[in-house]
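J.: Next up is a structure, given as structure tokens.
The values are calculated or read from the model by the stated rules, or taken from the named source; none is laboratory data. Just so we're clear, the structure is a prediction, and the values are computed from it rather than from any experiment. Glycine also receives a Cβ, built like all others from the backbone with ideal geometry; neighbour counts cover every protein chain displayed. All accessible areas refer to the heavy atoms of the entire protein, side chains included, with ligands and DNA or RNA removed. Shrake-Rupley method; radii C 1.70, N 1.55, O 1.52, S 1.80 Å.
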Amino acid sequence: MATEEIRVCGTVQGVGFRPTVYRLAKICGLRGDVCNDGEGVLIRVSGSEEALTEFVARLQTECPPLAKINQLTRTIYKGELKFDDFVISTSVSNAIRTEITPDAATCPQCQQEIFDPFSRFYRYPFTNCTHCGPRLSIIRAIPYDRCNTSMSAFAICSECGKEYHDVENRRFHAQPVACHACGPTAWLERADGKTVTASMFSMLDDVDAVCTLLQKGEIVAIKGLSGIHLACDATQETVVQKLRQRKKRYDKPFALMARDIEIIEQYCTVNAKEKELLKSPAAPIVLLQVKGRQRDGKNLLTPNSSLLTPNSLEIASSVASEQNTLGFMLPYTPLHHLILRRMNRPIVLTSGNLADEPQCIDNDEARDKLGTIADYFIFHNREIINRVDDSVVRVVDDKVQIIRRARGYAPASISLPPGFDKAPQILAMGSELKNTFCLLREGEAILSQHLGDLENAAAYNAYQETLKLYLNLFEHQPEVIAIDKHPEYLSSKLGKELAEKNQIKVSQIQHHHAHIAACMAENGIPLDSSPVLGIALDGLGYGDDGTLWGGEFLLADYRKFQRLATFKPVALIGGEQAIYQPWRNTYAQLLAANLWDDCEQKYTDLEIVKFLKNQPLKLLNQIIEKRINSPPASSVGRLFDAVAAAMGIYREECSYEGQAAIAMEAIVDVSSLNNDKETLIYPFSFSISDNIYCIDPCPMWQALLDDLQQQIPQSVMAAKFHQGLANAIVEMVKHLSQENVISQVVLTGGVFQNCILLQQVTKGLQTLGIKVLTHSLIPANDGGLSLGQAVIAAAQFIHKY
């Protein structure tokens, strides 16, 4: 007989892991116990060597659906086991090393129960089990037991208690288990405060009434799993426009939810990987190609009605104007499944907030902030502890690309590459926009959910609250705080304050180095590997020379980098104004290319030239010359905006960063890509400035002006720009490879969320025999920056100490 202590670390709490241990131990004839503690799951077990070997092997192959074993350690147990059988023991509180499980979409078994009239969970909107339901959104502390969640307010009834204590039941030790008799309840309210009941609509209950309200064109605020959403019928143009005006979200695409895949397939093409994502426990918003979208005379994208099924209605054009993709998700809670039971068309399901503010999670807060947006509310009385937005993903060349990492993914840990096991606890504060923060400990990184843009006061407050919660949940005591080098980032300022208050070392990390290191880390590049060539293209980041960077070629490892090449710096006229007024970038680019005189002489009939001549050019020239709020920036993001504006796409104003660039990508004539004819590729040139190579778009602008004069279609010009830019990037890598040893190239930064550019650059580099590393676990945009900050700080600490 052998007696062992088996320590299991990873995602092993709240996912049915202990019941699995119990079941396998009984099958293998073992005695002992299993419990949750701060480190994960602890198993003390006694039996024959053969039985123990079988038990451990089956534990890893029969792991529950939501569980993930990061580490399993077996040691000889020297104490005395006073057990005649195998039991599940009470949880133990000690130093916290375990993981918190992301919220999970309703499993097929629970979904079947809520529609079964003979089930006691029939039409119960909070049905869950160990395979699905709330986790992060309801937790206050570790270990994950009911008393440490917002479900502590609901005492379990006898029926739920039987299932909770029945080891053979799917709900064995499912902490949020509840039913009609003992759990949370949902109710309908009118925004104007008047009384409303489901009977007024002749419906089954308040939840069913929501469907009727949506069909009638009402806007309903729905309190869901980890936040409150605003919903309306996606096929009614008038109500979608009403929602936009009330919410003050004038242009950004709305997310959609549909009852099932079949409804989604009426509007979009869905491949196997995309179906897998839609039906996964994470249940993210998946960006899907719209069926049969065609360009009209203005190059606006409209659905081809002839491809819709006879019973389907067109989605309102204002859901995602000038896009060739739609963001769809499937119902991920019983509440959503019940609401959409009779809904044969998609609904808009967008975050319940005013534009740019954090999503509401509290009933009273929603009544106050959403009362002028929603006509009705469907509330419940289960408190949401942690606000978690919907995740957004897309599939590019059969590889998942995460755009926003939140519900369903956070806070699952990311295992760090070899060499980082000796790193101390580190807190990385993230960026100013699309913020996440990162806790690094014992060879793993824990990224927060997407927290938004910190320039919004409410978002910044939510960021601080969430950071405090994570530090407490994981009992994280950082020895180093990593921040971005930008002196005005609120996240960096807060990091400095925390470091000073707690006498902790601060590590300032360059923005684009962090982007590259994040991609290296998620691709498992070991700590002591040779440098890679990182290409980081984005809006902007603070450079080591005090200027703004945004188109960088860095030879980098985790500790340091060398800037080999960049894009020609161009004035950012008006600073932040240039993000929202793309014409400013066009004018700056034309000046930098010495083409403005030509514009006034040869291209006077062009719309862009006429538009620019109506601007205060004399004043603009003065502020550029004196560098008054017009810093030079090598930003590829702003180059995209400049080209789009020249073509007439969101020339005057954008309501969100990258809007013009996204619209330009959507109209690309793909048949013009992958063509070797020089006439179908805009040229770029190379030069040397300050001892590094520069990609100069000057010849591209000359060719673009000629095309505008010849009235070449926008779709062709957009294709020529994308292909020309991709070719220039590949040529630069080819040139740099002659002077440096380059076997791997990292593609990162928000610009590489452009699928066409990503695909064309990847294809070109692979033709050169170079291995290309891209993002899949975290966003390429600033949402992944905190991981890079953390691993750079860790590498520098390990090297020093």
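J.: Would you tell me the accessible area of Glu159, worked out with a 1.4 angstrom probe on the heavy atoms of the protein chains, in Å² to the nearest 10?
T.: Accessible area, nearest 10 Å²: 90 Å².
J.: So, one more: Name the trypsin sites (Lys or Arg not before Pro) in the stretch 132-194 that are in a loop by DSSP and that have at most 11 other C-beta atoms within 10 Å, would you?
T.: Values: sites: Arg135, Arg140, Arg146, Lys162, Arg170, Arg171, Arg190, Lys194; in loops: Arg135, Arg140, Arg170, Arg171, Lys194.
Passing both the DSSP loop test and the Cβ count: Lys194.
J.: Just how far, in whole angstrom, is the stretch 400-449 from the stretch 465-510 if you go by their alpha carbon centroids?
T.: Each part's Cα centre sits 14 Å from the other's.
J.: Okay, next question. So how exposed is Lys26, as accessible area in Å² (1.4 Å probe, rounded to 10)?
T.: About 90 Å², rounded to the nearest 10.
J.: Sticking with this structure for a sec: With a sphere of radius 12 Å drawn around the Cβ of Ile139, what net charge do the other residues whose Cβ falls strictly inside it have (Lys, Arg +1; Asp, Glu -1)? List each step's numbers first, then the result.
T.: Values: positive: Arg135, Arg140, Arg146; negative: Glu99, Asp103, Asp145, Glu383.
So the environment of Ile139 carries a net charge of -1.
J.: Any chance you could run the full-extension gain for Lys252 through Leu617? It's 0.36 nm times the residue separation minus the Cα-Cα distance, nm to one decimal.
T.: Details: separation 365, 0.36 × 365 = 131.40 nm, distance 3.04 nm.
128.4 nm is the gain from fully extending Lys252 to Leu617.
J.: What aspartates and glutamates sit close enough to Lys279 to cross-link, taking a C-alpha to C-alpha distance under 17 Å and skipping anything fewer than 8 places away on the same chain?
T.: Here the aspartates and glutamates satisfying the reach criterion relative to Lys279 are Asp103, Asp260, Glu262, Glu265, Asp390, Asp398.
J.: Report the net charge of residues surrounding Gly750, where surrounding means a beta-carbon distance below 10 angstrom and charges are Lys +1, Arg +1, Asp -1, Glu -1.
T.: Taking every Cβ under 10 Å from that of Gly750, the sum is -2.
J.: Compute the semi-axes of the equivalent ellipsoid of the stretch 546-626, taking the square root of 5 times each eigenvalue of the Cα gyration tensor, and list them largest first in whole Å. Before the final figure, lay out each step's value.
T.: On the way: eigenvalues 194, 40, 23 Å².
Those come to 31, 14, 11 Å.
J.: Dipole magnitude of the chain about its Cα centre, charges +1 at Lys/Arg Cβ and -1 at Asp/Glu Cβ only, in debye to the nearest 20?
T.: 540
J.: Is it possible to state the helix-based mean residue ellipticity at 222 nm for the chain, with each DSSP H run of 4+ residues giving -39500 (n - 2.57), the sum divided by total residues, to the nearest 500 deg cm²/dmol? What is it?
T.: On the way: 24 runs with 248 residues, N = 801.
Result for the chain, helices only: -9000 deg cm²/dmol.
J.: To the nearest 10 degrees, how steep is helix 698-709 against the longest Cα principal axis of the chain, on a 0 to 90 scale?
T.: So the helix axis and the longest Cα principal axis differ by about 80 degrees.
J.: Please calculate the 1.4 Å probe accessible area of Asp544, with all protein chains present, and give it to the nearest 10 Å².
T.: Counting only protein heavy atoms, the figure is 80 Å².
J.: Something else now. Once the Cβ-Cβ distance between Asp597 and Glu731 is put in as r, and R0 is 35 Å, what FRET efficiency do you end up with, to the nearest 0.05? Spell out each step's value before the answer.
T.: Details: r = 29 Å, r/R0 = 0.83.
The value I calculate is 0.75.
J.: In straight Cα distance, which lysines are under 19 Å from Lys434, not counting same-chain residues fewer than 8 positions off?
T.: Within the straight-line cut-off, Lys434 pairs with Lys252, Lys468, Lys485, Lys493.
J.: Among Lys223, Lys505, what's the order by accessible area (1.4 angstrom probe), most exposed first? Please list the in-between numbers first.
T.: Values: Lys223 10, Lys505 95 Å².
Final ranking, largest accessible area leading: Lys505, Lys223.
J.: When we measure straight from the Cα of Lys771, which lysines land under 19 angstrom away, once same-chain ones fewer than 8 places off are left out?
T.: Straight-line reach from Lys771, under 19 Å: Lys399, Lys734, Lys763.
J.: Now for a separate question. Given H placed on each backbone N at 1.01 Å, which residues far from Leu773 in sequence or on other chains put an amide H within less than 5 Å of it?
T.: Val745, Val746, Leu747
J.: Okay, moving on. Nearest 10 degrees is fine. How inclined is helix 490-502 to the longest principal axis of the chain, computing both from alpha carbons?
T.: 50
J.: Still on this structure, please answer the following. Under a plain spin-label model, where a point goes 7 Å from the Cα along Cα-to-Cβ, how far apart in nm are Trp187 and Thr238?
T.: 3.2
J.: Next question. Using a simple spin-label model with points 7 Å from Cα along the Cα→Cβ vector, what separation in nm is obtained for Arg341 and Ala141?
T.: With each label point 7 Å from Cα toward Cβ, the separation is 3.9 nm.
J.: Shifting gears a bit: Among Glu739, Glu357, Glu314, what's the order by accessible area (1.4 angstrom probe), most exposed first?
T.: On the way: Glu739 110, Glu357 55, Glu314 80 Å².
If we order Glu739, Glu357, Glu314 from most to least accessible, we get Glu739, Glu314, Glu357.
J.: Related question: Packing-wise, with mean Cβ within 10 Å as the measure, how do 607-618, 747-758 rank, highest first? Walk me through the numbers before you get to the answer.
T.: Values: 607-618: 14.1, 747-758: 24.7.
With the highest mean Cβ count within 10 Å placed first, the list reads 747-758, 607-618.
J.: Same structure, new question: Please list, ordered by chain and number, the residues whose modelled amide H lies under 5 Å from the amide H of Glu39; skip anything fewer than 5 residues away on the same chain.
T.: So Glu39 has HN proximity to Arg97, Thr98.
J.: With a 10 Å radius around each residue's Cβ, average the other Cβ atoms per peptide and rank 384-390, 73-79, highest first. Each step should come with its number before you reach the end.
T.: Details: 384-390: 24.0, 73-79: 10.6.
Per-residue mean Cβ counts within 10 Å order the peptides as 384-390, 73-79.
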